[in-house]
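Reviewing the structure listed below.
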Amino acid sequence: MNEITVKATLENVDKVIEFICNPLKELEFNKKSIMHVRLACEEILVNIMSYAYADSPSNETKTINIKYEITKEEKEIRITFEDSGIPFNPLEHKDPDITLKGKDRAPGGLGIYMTKKFMDDIQYEYLDNKNILTVRKKP
Amino acid sequence: MLDIVKRSENGIGVIELSGELDTTSSVNFQKEIEGFLDNLTDLTIDMKNLEYITSAGLRVLLLIDQTMEDQGSFKVINVNEDVMDVFEVSGFSEVLDIQ
């Protein structure tokens, strides 16, 4: 298990993405799959960093813990994001209507939607005052 | 990192994007185009060297599309495979005029 904890601020996005995606280059993940993992992780991180602690007092610790493991048999990557911010289940978020023309579209919602599309599986639970989001992808 | 090169003449504008249009660089991109779109009747965004785009980038493209809808024409050219992948999954392949 590989693990990193960072402050929930946007300047840490690149650091976490590198932590997760660099090992994938050594595995059977092709360029396209790595882009999918990268995009999904960036969208998840940005959501947490932008909203999870929006109402928290400034002296409170605002961190995200990220763990990943790569299963030996399936060579699948499982990434878990944990934060102690306000409870938010992205799976309950309504999907945007992607058939709408530009003028009828409202911004937003696409990050979570693309995460669902690009990853093989996404699970959410709220446990011990923590949001725990786990995403999985095979090469 | 995102490089933005933009020029306009007689209402025709071209923007060349190189690098990555992610959460951070999209903020800069939006600032760069404020004012630039005024008085344009034709806009082309050349994405030949754009390698990556996130929902934040799509958000700015939607803003441009909606602005240009009232002003004239807007097209996107030279889209690479990874960026097209994102356009397709988000439905932007139908929103934008991609050539």
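The numbers here are math on the coordinates, done by the rules we state, and not lab data. Just so we're clear, the structure is a prediction, and the values are computed from it rather than from any experiment. Note that each Cβ is placed from the backbone with ideal geometry, even for glycine, and that neighbours are counted across all protein chains shown.
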Q | Lysine-lysine proximity count for the stretch A:1-113, Cα under 15 Å, sequence distance 8 or more or distinct chains | A | 5
Q | Top positive-direction residue, dipole computed over the protein assembly as shown with Cβ charges, set B:ASN10, B:LEU96, A:ALA54 | A | A:ALA54
(Q) Less than 12 Å Cβ to Cβ from A:VAL6, Lys/Arg counted +1 and Asp/Glu -1: what total charge do the surrounding residues give? (A) -3
Q: Looking at the protein assembly as shown, send over the antiparallel percent of its DSSP beta bridges, to the nearest 5.
A: 70
Q.
Under 10 Å, Cα contacts only: if you run a Gaussian network model on chain B, which one of B:GLY72, B:GLY19, B:GLY35 comes out with the highest mean-square fluctuation?
A. B:GLY35
Q) What does the convex hull of the Cα atoms of the stretch B:2-95 come to per residue, in Å³, rounded to a whole number? A) 78
Q: Return, for the Cα atoms of the protein assembly as shown, the radius of gyration and Dmax in Å, separated by a comma.
A: 18.7, 61
Q) In nm, to one decimal, how far is the A:GLN123 label point from the A:GLU28 one, both placed 7 Å along Cα→Cβ? A) 2.2
Q | Percent antiparallel among DSSP beta bridges (both partners in the stretch B:2-95, rounded to 5) | A | 35
Q | Charge dipole (debye, nearest 20) of chain A; +1 at Cβ of Lys and Arg, -1 at Cβ of Asp and Glu | A | 540
Q | Spatial separation of Cα centroids for the stretch A:85-137 and the stretch B:15-90, in angstrom | A | 23
Q. Any idea what angle helix B:23-33 forms with the longest principal axis of chain B, computed on alpha-carbon atoms, 0 to 90 degrees, nearest 10?
A. 10
Q) Anyone know which of A:MET119, A:MET49, A:MET35 comes out most mobile in the 10 Å Cα GNM of chain A? A) A:MET35
Q.
How big is the dipole moment of the protein assembly as shown about its Cα centre under a simple scheme where the beta carbon of each Lys and Arg is +1, that of each Asp and Glu is -1, and everything else is neutral? Debye, nearest 20, please.
A. 320
Q) In whole percent, what relative contact order does chain A give with Cα contacts below 8 Å and a gap of six or more residues? A) 29
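Roughly what percent of Cα-Cα pairs across the stretch A:47-116 reach past 13 Å? Each step should come with its number before you reach the end.
Numbers: 1798 of 2415 pairs.
Above the 13 Å cut-off, the stretch A:47-116 has 74 percent of its Cα pairs.
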Q: Obtain the nm distance between the two label points defined at B:GLU32 and A:GLU73 by a simple spin-label model: each point lies 7 Å from its Cα along the Cα-to-C-beta direction.
A: 4.9
